[in-house]
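Worksheet for the structure shown next.
The values are calculated or read from the model by the stated rules, or taken from the named source; none is laboratory data. A quick note: this is a predicted structure, and the numbers were derived from the prediction, not measured. In this analysis, Cβ positions are derived from the backbone assuming ideal geometry, glycine residues included, and neighbour counts consider all displayed protein chains.
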Amino acid sequence: MPSQPLSGLFYSASAFLIWGVSPLYWKALKVVPAFEIILHRVVWSFLFLLLLLAFRHRWPEFLQGIRSKKTMTTMSVTALLVSCNWLVYIWAVNQGHLLQASLGYYINPLVNVMLGYIFLKERLRCFQSIAVLLAVVGVLYLTIVYGQFPWIALTLAGSFGSYGLIRKMSPVGSMAGLAIETMLLSIPSVFLLGYLGVNGSGFFLNSSAVIDLLLVGTAVLTATPLLLFNLGAKRIKLATLGFMQYIAPSCMFIMAVFIFHEPFMKAQLVSFVVIWTALALYSTDSVLFYRKHAKEWHTSHPTDSS
């Protein structure tokens with residue numbers, strides 16, 4: 001159906017664009033500590049996801065997940081990883097380190113390749129190996145010449161890469177899985193928010209109506225791009241989806257340099273160019289590999305091409 005790929009492109013691009021411009025939202029909450037933002041994001045996202053599960057008839061999958069001890073153990077680990085990723089990201093945005101955050105999401109695909117090689121015994125193709133080595137060179141160059149270890153970028157890439165690796169081996173779908181993760185995180189979050197509310201140090205209901213609405217709105221910002229991503233991923237090719245994932249860090253990079261005017265030194269430029277080159281190699285290799293195998297599949301299944 002011709003409209004199917006076009007709708008997939010729209011859904012996927014919308015998801016990555018929302019993730020890419022999300023720093024504008026977090027900047028609007030700059031007065032609120034990053035940790036408190038995460039507490040609200042967890043609780044409101046859980047409530048919003050419960051509504052989405054009911055709307056999309058995913059309750060059986062959610063209930064099956066929480067009844068499984070193995071699933072709950074796995075989701076406990078991924079919940080810690082995703083909360084770490086959220087916390088570091090929001091802190092980085094509001095402390096003027098959006099460039100490092102964008103770097104983290106640029107190198108994330110290469111981290112995924114490396115994690116697959118280490119833990120899943122996936123073989124690296126020639127260009128993949130070169131791309132990973134170039135990314136390492138870019139990070140080392142930034143560390144040595146710029147004199148600052150890019151821990152924000154590596155924490156974001158490492159936590160999200162590990163999260164993806166573990167979730168890949170879990171049978172729970174993305175929406176039900178995130179609902180279970182936020183449920184687990186909501187238990188301590190509710191108590192901590194209650195404590196902040198009792199002693200008057202919390203911002204919710206103690207600041208302004210705008211801040212209150214923005215804190216509640218973190219649920220929509222969390223769940224909406226995830227839903228769009230899932231809708232898009234089912235409709236377009238994996239290679240296309242791989243290219244589109246660079247929309248988010250590209251938006252972050254542009255905003256960091258041209259809107260928030262973060263310092264962009266020569267060492268950072270060289271490091272980014274090296275990593276962009278690595279991504280170009282990685283993406284080209286992925287497209288060629290996909291086309292080769294798609295052609296082989298159609299050759300061996302001529303009657304299925306319709």
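See the values below:
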{"item": "Residues of the range 178-212 classified as touching a helix residue (DSSP H, G or I) at 6+ places or on another chain (Cβ under 6 Å), of a type in the set (Gly, Ala, Ser) and assigned to a helix (DSSP H, G or I), total", "result": "3"}
{"item": "Matching residues in the range 216-258 - criterion: being closer than 19 Å to TRP86 by Cα, among the hydroxyl-bearing types (Ser, Thr, Tyr) and out of contact with any helix residue (DSSP H, G or I) (no Cβ under 6 Å at 6 or more places or on another chain)", "result": "THR224, TYR246, SER250"}
{"item": "Members of the range 89-117 found to be within 14 Å of the chain's Cα centre (by Cα) and polar (S, T, N, Q), listed by number", "result": "SER102, ASN108, ASN112"}
{"item": "Selection count where residues are under 19 Å from ILE107 (Cα atoms) and in contact (Cβ under 8 Å) with a residue 40 or more places away in the chain, scope the range 274-294", "result": "13"}
{"item": "Which numbered condition LEU53 fails, given (1) more than 19 Å from the chain's Cα centre (by Cα); (2) under 30 Å from PRO150 (Cα atoms)", "result": "(2)"}
{"item": "Candidate set from the range 37-63 (those that are modelled with pLDDT under 95 and basic (Lys, Arg)); member that is surrounded by the most Cβ atoms within 10 Å (Cβ to Cβ)", "result": "ARG58"}
{"item": "Residue within the range 222-240 that is loosely packed, with under 15 Cβ neighbours inside 10 Å, at pLDDT 90 or above and not hydroxyl-bearing (Ser, Thr, Tyr) present", "result": "no"}
{"item": "Subset tally (residues that are closer than 20 Å to ALA135 by Cα, surrounded by fewer than 19 Cβ atoms within 10 Å (Cβ to Cβ) and among the aliphatic types (A, V, I, L, M)) for the range 251-273", "result": "5"}
{"item": "Qualifying position, being touching a Pro at 6+ places or on another chain (Cβ under 6 Å) and farther than 18 Å from SER162 by Cβ, among GLN100, GLN95", "result": "GLN100"}
{"item": "Count - residues of the range 118-132 that are charged (D, E, K, R) and more than 24 Å from the chain's Cα centre (by Cα)", "result": "2"}
{"item": "Residue identified as among the aromatic types (Phe, Trp, Tyr) and free of Cβ contacts under 8 Å to residues at least 60 places away in the same chain among PHE55, PHE16", "result": "PHE55"}
{"item": "Search result, residues across the range 178-191 that are surrounded by fewer than 16 Cβ atoms within 10 Å (Cβ to Cβ) and either aliphatic (A, V, I, L, M) or closer than 30 Å to ALA233 by Cα (or both)", "result": "ILE187, VAL190"}
{"item": "Residue among ALA92, ALA79 that alone is surrounded by 18 or more Cβ atoms within 10 Å (Cβ to Cβ), under 18 Å from GLY20 (Cβ atoms) and in contact (Cβ under 8 Å) with a residue 60 or more places away in the chain", "result": "ALA92"}
{"item": "Single match in SER286, SER305, SER300, SER271 (criterion: at negative phi and modelled with pLDDT of 85 or more)", "result": "SER271"}
{"item": "Members of the range 156-189 found to be among the aliphatic types (A, V, I, L, M) and touching a Gly at 6+ places or on another chain (Cβ under 7 Å), listed by number", "result": "LEU156, ALA157, VAL172, ALA176, ILE180"}
{"item": "Residues satisfying the stated conditions in the range 135-157, i.e. closer than 19 Å to LEU279 by Cβ, out of contact with any Phe, Trp or Tyr (no Cβ under 9 Å at 6 or more places or on another chain) and in contact (Cβ under 8 Å) with a residue 24 or more places away in the chain", "result": "VAL137, TYR141, PRO150, LEU154"}
{"item": "The range 245-259 residues that are outside any helix (DSSP H, G or I), paired with ones that are modelled with pLDDT under 95 and surrounded by fewer than 20 Cβ atoms within 10 Å (Cβ to Cβ) (beta carbon under 6 Å, 6 or more apart)", "result": "none"}
{"item": "Scan of the range 10-34 for residues that are aliphatic (A, V, I, L, M) and under 18 Å from the mean Cα position of the chain (by Cα), ordered by number", "result": "ALA13, ALA15, LEU17, ILE18, VAL21, LEU24, ALA34"}
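One line per residue, one yes/no per condition, for (1) surrounded by fewer than 19 Cβ atoms within 10 Å (Cβ to Cβ); (2) in a helix (DSSP H, G or I):
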position	(1), (2)
PHE127	yes, yes
ALA131	no, yes
THR143	yes, yes
PHE149	yes, no
ALA157	no, yes
SER162	no, yes
PRO171	yes, no
ALA176	no, yes
